[in-house]
Amino acid sequence: MMTEEAVTFEPQLYDDLRAKLQQSGAEEAIRELCESLRSAGDYAKLFYALLLKDRVAIGVTPIPTASANEMTTDQQEKYEDAIRSACRTVGGLFLDAGNIGAAFGYFRMIGELEPVRAAIEQCQPGEEDDVQPIIDIAFHQGVHPHKGFDLLLDRYGICNAITTISNYDPGQNQEPRQYAIRRLVRSLHEQLVERLRTAIEQQQGFAPSGSTIHQLIEGRDWLFADDMYFTDTSHLSSIVQMSVELDSREELLLARELCAYGRKLSPTLQYAGSPPFENLYEDVDVFLSILLGENVEAGIEAFRAKISADPDGPDMFAAEVLVRLLVRLNRLDDALAIARQHLATADDRQLSCPGVFELAQRTKNFRALAETARERHDPVHYLAGLIAAEK
């Protein structure tokens, strides 16, 4: 991707501008300046030349970087329109030149990012092009998260993509993270299927008929002998851990295939998980099966048991995981019961799941809210809960 480069002008330009100003006035001199800057591709200076033109036109000091404080209200309104027009012109020129990074600054200034998004959508960088600025604008700045993550994954690979999404905070909009996890699951699944098929064909002399991981590993324990593996096991464990966030049935099924492969790996290649996913591939598979509507009650009970499995006391995070799961299943009353039992005294702001107060309001169980508030020594929410319950 092109970068903004300074342009050096011949001394003659300055002499020509002085002569044009003396002979034809400011308007013609500015027009010649704008044409020279446009021809030279110095769009950054063109921006200020356009502002110079409009400042002269509205009758204020021509210095384009001067403060607007001395302008009248009418002049300020006209100048703001001039800035927007200059941003569109210069931003558009940078986009036409393929310089998305430079264009972004101008369109962001006026809050009009659709032209940048459209340019990113059409962007097909070459192998030698620096795509990092585009990735930053598209993914981290949120202009086109899907294309930004695609560029990241395709250019830098699964490892870099995992690191990026692990540290990514999407705020209220979880969709970009969902998209990224779906792509990671698909990419690793495709990679693993291809490598398994190649290994099987080399071993048996003809291509296997199976197309899923389940079909490819069934009856072929030799694929796992002598600590053999066909994908980076750290990538596998990281993506499987992320898969519990998935909301797409198709990718949930693919993630369960990754779990099936992980369960067959030698114990030395299986990373230890954290409660409630101690046995990572087994436990995540149960979790995903619940989301897919399989063995739901047994699965919920298995995760409920994990909360109290530690003799040193209830596992708070295991409780949070179960609450999140129950909320996703729209079993809000059950989620509230777990939250009241194990998370009643916790600060809701520190939880990774909805807390008692939120769940009580969503279920309209205001007496539960009042009782929890009393346990928290919170008379304000206690009384508010009682009043809401009366209504």
Computed FRET value (nearest 0.05) for Glu218 with Val7, which takes r as the C-beta separation and R₀ as 41 Å: 0.05
Name the residue farthest towards the positive end of the dipole of the chain from the options Gln202, His146, Ala373, assuming +1 on Cβ of Lys and Arg, -1 on Cβ of Asp and Glu, about the Cα centre. Ala373
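Cα gyration tensor of the stretch 1-112, axes a ≥ b ≥ c as square roots of the eigenvalues: rounded (a/c below 1.5), prolate (a/b > b/c) or oblate? Please report the intermediate quantities before stating the final value.
Numbers: a/c = 2.41, a/b = 1.06, b/c = 2.26.
Cα axes put the stretch 1-112 in the oblate bin.
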In whole angstrom, the spacing between the Cα centers of the stretch 243-298 and the stretch 10-80 equals 64 Å
Hey, which lysines would be in cross-link range of Lys20, C-alpha to C-alpha under 28 Å, not counting anything within fewer than 8 residues on its own chain? Lys45, Lys53, Lys78
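If each residue of separation counts as 0.36 nm, what is the full-extension length gain between Asn295 and Glu278 once their alpha-carbon separation is subtracted? If you can, show how the numbers build up before the last one.
On the way: separation 17, 0.36 × 17 = 6.12 nm, distance 1.98 nm.
That pair, Asn295 and Glu278, stretches by 4.1 nm at full extension.
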Gyration tensor on Cα atoms of the stretch 317-391, a ≥ b ≥ c root eigenvalues, a/c under 1.5 rounded, else prolate if a/b beats b/c, else oblate, says oblate
Pair-distance profile P(r), taking every C-alpha pair of the chain, with 10 angstrom steps and integer %: 4, 16, 19, 17, 15, 13, 10, 6, 1, 0
I need to check one value: relative contact order of the stretch 263-316, counting alpha carbon pairs closer than 8 Å and at least 6 residues apart, in percent. 22 percent
For the chain, with +1 on Lys and Arg beta carbons and -1 on Asp and Glu, the positive-most of Gln178, Ala319, Leu216 along the dipole: Ala319
Using the number of other C-beta atoms within 10 angstrom as an exposure proxy, rank Cys34, Cys87 with the fewest first. Cys34, Cys87
Among 291-299, 61-69, how do they line up from the highest to the lowest mean number of other beta-carbon atoms within 10 Å? 291-299, 61-69
Once the piece of chain linking Thr363 and Ile110 is laid out straight, how much longer is it, given 0.36 nm per residue of separation minus the C-alpha distance between them? 86.8 nm
What size of dipole, in debye to the nearest 20, comes out for the stretch 299-343 about its Cα centre when the only charges are +1 on Lys and Arg C-beta atoms and -1 on Asp and Glu C-beta atoms? 200 debye
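Over the chain, what relative contact order in percent results from Cα pairs under 8 Å that are six or more residues apart? Let's see the in-between values first.
Values: 412 pairs, mean separation 27.1, N = 391.
Once normalised by length, the contact order is 7 percent.
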Cross-link reach list, lysines versus Lys391, counting only Cα pairs under 27 Å and skipping chain neighbours closer than eight places: Lys364
Could you work out [θ]222 nm for the chain from helices alone, using -39500 (n - 2.57) per DSSP H run of at least four and dividing by all its residues? Round to the nearest 500 deg cm²/dmol. -20500 deg cm²/dmol
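Sorted by average packing, counted as other Cβ atoms within 10 angstrom per residue and highest first, what order do 141-148, 14-21 take?
Numbers: 141-148: 19.2, 14-21: 13.5.
Ranking, from highest mean packing down: 141-148, 14-21.
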Calculate, in nm to one decimal, what Ser209 and Asp129 gain on full extension: separation in residues at 0.36 nm each, minus their alpha carbon distance. 24.8 nm
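Using the Cα centre as the reference, give the magnitude of the dipole from point charges on the C-beta atoms of the chain (Lys, Arg: +1; Asp, Glu: -1; all else neutral), rounded to the nearest 20 debye.
On the way: 38 positive and 62 negative charges, 187 e Å.
Computed about the Cα centre, the dipole is about 900 debye.
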Measure out, as a whole number of angstrom, how far apart the alpha-carbon centroids of the stretch 149-228 and the stretch 305-330 sit. 29 Å
Using the per-residue mean of other Cβ atoms lying within 10 Å as a proxy for protection, in what order, highest first, do the peptides 225-237, 184-196 fall? 184-196, 225-237
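Going by C-beta contacts inside 10 Å, put Thr198, Thr8 in order with the fewest on the left.
Values: Thr198 13, Thr8 6.
By the 10 Å Cβ count, ascending, the order reads Thr8, Thr198.
Coordinate-derived values only; no laboratory data. Computed from a predicted structure; not experimentally measured. Note that we place each Cβ from the backbone using ideal geometry, even for glycine, and neighbour counts take in every protein chain shown.
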